[in-house]
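The values are calculated or read from the model by the stated rules, or taken from the named source; none is laboratory data. The model shown is predicted, which means the values in this text are computed figures rather than measured ones. Here Cβ is always computed from backbone atoms with ideal geometry, including for glycine, and neighbour counts include all displayed protein chains.
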Amino acid sequence: MIFCNNKPGTGFTRLHANIVEEDGAFTVSVRIFNHLQTQECVWGQEIAATFDMASLMVGSLASQFSIPEKCVSIKIVMQRYRDGTVH
């Protein structure tokens, strides 16, 4: 998932992500915005083959735009959440 940050002075401060398991893959939908300037907002959607790849997509976006962990929210919807966990 690649977003271009072409506008000088654009600073995104929040990232909201939804990761939804559908038909054996994961749909990653994100919205990135500046909470002080609400007109500065971008969104996108991508398919990931695994939950790990979906998590990496969200993490790389947060890193790309220097969004701190406390400003990232993630909603996860899985069909069988225990299948993706390590015990």
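For PHE51, the requirement of being surrounded by 12 or more Cβ atoms within 10 Å (Cβ to Cβ), touching a Ser or Thr at 6+ places or on another chain (Cβ under 9 Å) and not polar (S, T, N, Q) is not met.
Scanning segment 53-69 for residues that are assigned to a helix (DSSP H, G or I), at pLDDT below 95 and more than 9 Å from the chain's Cα centre (by Cα) turns up SER63, GLN64, GLU69. Residues in segment 35-52 that are small (Gly, Ala, Ser) and either in a loop (DSSP other than H, G, I, E, B) or at pLDDT below 90 (or both): 1 in all.
Scanning segment 20-34 for residues that are of a type in the set (Asp, Glu) and in a strand (DSSP E or B) turns up GLU21, GLU22.
Considering segment 71-87, and only residues there that are within 17 Å of GLU22 (Cα to Cα), loosely packed, with under 14 Cβ neighbours inside 10 Å and not acidic (Asp, Glu), the residue that is modelled with the highest pLDDT turns out to be LYS75. Within segment 1-12, does at least one residue satisfy the condition of being modelled with pLDDT of 95 or more and aliphatic (A, V, I, L, M)? No: zero hits. I'd like to check something: does segment 23-30 contain any residue that is of a type in the set (S, T, N, Q), out of contact with any Cys (no Cβ under 6 Å at 6 or more places or on another chain) and farther than 25 Å from GLY11 by Cβ? Yes, segment 23-30 contains at least one residue that is of a type in the set (S, T, N, Q), out of contact with any Cys (no Cβ under 6 Å at 6 or more places or on another chain) and farther than 25 Å from GLY11 by Cβ.
Within segment 50-70, residues that are closer than 20 Å to ASP23 by Cβ sit with their Cβ atoms under 6 Å from residues that are in a helix (DSSP H, G or I), at 6+ positions apart or across chains, in these pairs: PHE51/GLY84.
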